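The values are calculated or read from the model by the stated rules, or taken from the named source; none is laboratory data. Fair warning: this is a prediction, and the values are worked out from it, not measured in the lab. Glycine gets a Cβ as well: all are built from the backbone with ideal geometry, and neighbour counts include every protein chain shown.
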Amino acid sequence: MSVWAAILAGGSGTRFWPLSTPERPKQLLPLVGDRPLLVQAVERLDGLVPPERILLLTGPFLVDQVARTLPQVPRAQVFAEPRSASTAPALAWAANWISQQEPGGGAQMLSLHADWAVTDDRAFRAAARQALGVAAEYDVLVTVGVKPSRNETGYGYVVPGRSLGGARTVRRFIEKPSPARAALLRRRGALWNTGLFAWGVARFLGEAGAYARELKPGWTALSAGDVSGFFTAVRPVAVDVAVLERTKRLAVVTGTFGWDDIGSWDALLRLRKPDARGNVVVGNATVAEDVRRSVIWSESEHIAVVGVEDMVVVRANGHTLVMPTGRAERLKELVQRL
């Protein structure tokens, strides 16, 4: 049974402005380590999915950069989404394409994002293998959850149900809870929904066809190979909403790897090794002793930072960002105005 992987590598480049741009969004930046996140995502699959069975789904304006960044993936498998329509249409397209390459119906598929931080690649692969095994044995769609490390309000949570072999059924999903509810969910054993999914391609297409009403207007076009017509007809929707929250065939596997979706500059305080005063300093910057718990990043030009605490200071692409930590939601508004 062959295993494929679809890596979602779109993005508009707003969360890490001014370092990120629409032409160089988060997944193409070395935010964690010295290599772009997208490169790390592909390397994480080493020994599990070969490059010739990896699909990279991205925007038309990023195809060339993505292909250059990952020359080991066949250029024909760098897919340009005709329209940004969230994850359900993209994954339906990928699954349909795989089914055409392997019409026997036995192919399996992993879905993952290009812009995660994962602390243990071996444990990540172990969880993916377990999820694929559960998907094959019980003919279900599988999501991989991890135990929360904090009362995070920006993530989605999975509430596990009864045992299903080495997995559990899913009682429900809860998106972006309040701080009090996040703490309660954590105490009661809920998991963060990482967005690492595993399923048989035929089963996923069957469930999407049955439940993803947002995709129905374009389903005939997809079956006929009219990708542009499919994306024009569908309504934008996440696969979690369109399929996973509606299907009766869903299980969750608990992974033991550290996981973070790197949603803001603040995340680097968790993911990069800080100095003695709790600062993350990257690039050409001078930081005085009275700077604490701050992210300081300069891509090329020299900057000096004195006398601040709990701040983000970034100089990149001819622009400067200065904001307190904990205000990530305001950055998107600012970038939209700019």
Residue list for the range 199-234, restricted to those being in a helix (DSSP H, G or I), among the aliphatic types (A, V, I, L, M) and crowded, with 17+ Cβ neighbours inside 10 Å: Val201, Ala202, Leu205, Ala208, Ala221, Leu222, Val227, Ala233
Only residues that are closer than 20 Å to Val140 by Cα, touching a helix residue (DSSP H, G or I) at 6+ places or on another chain (Cβ under 6 Å) and surrounded by fewer than 23 Cβ atoms within 10 Å (Cβ to Cβ): list them for the range 99-120, please. Ser99, Gly105, Ala107
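With respect to Thr286, determine if the residue is of a type outside the set (A, V, I, L, M, F, W, C) and assigned by TED's automatic domain parsing to the domain that holds Phe79. Can you show your working first?
Numbers: of a type outside the set (A, V, I, L, M, F, W, C): yes; assigned by TED's automatic domain parsing to the domain that holds Phe79: no.
Considered against the rule, which asks whether it is of a type outside the set (A, V, I, L, M, F, W, C) and assigned by TED's automatic domain parsing to the domain that holds Phe79, Thr286 comes out as no.
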Output for the range 25-70, where each listed residue is surrounded by fewer than 17 Cβ atoms within 10 Å (Cβ to Cβ) and within 22 Å of Val282 (Cα to Cα): Pro30, Gly33, Asp34, Arg35
Please go through the range 50-90 and give me each residue that is over 24 Å from Ala242 (Cβ atoms) and in a loop (DSSP other than H, G, I, E, B), ordered by number. Pro50, Leu70, Pro71, Gln72, Val73, Pro74
Restricting attention to the range 318-334, does a residue exist that is surrounded by 15 or more Cβ atoms within 10 Å (Cβ to Cβ) and either touching a Leu at 6+ places or on another chain (Cβ under 6 Å) or assigned by TED's automatic domain parsing to the domain that holds Val140 (or both)? no
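Scan the range 265-281 residue by residue and report those that are aliphatic (A, V, I, L, M) and over 15 Å from Val322 (Cα atoms). Break it down stepwise before answering.
Start the filter on the range 265-281 by keeping residues that are aliphatic (A, V, I, L, M), which leaves 267-269, 271, 276, 280-281.
Hits for the range 265-281 are Ala267, Leu268, Leu269, Leu271, Ala276.
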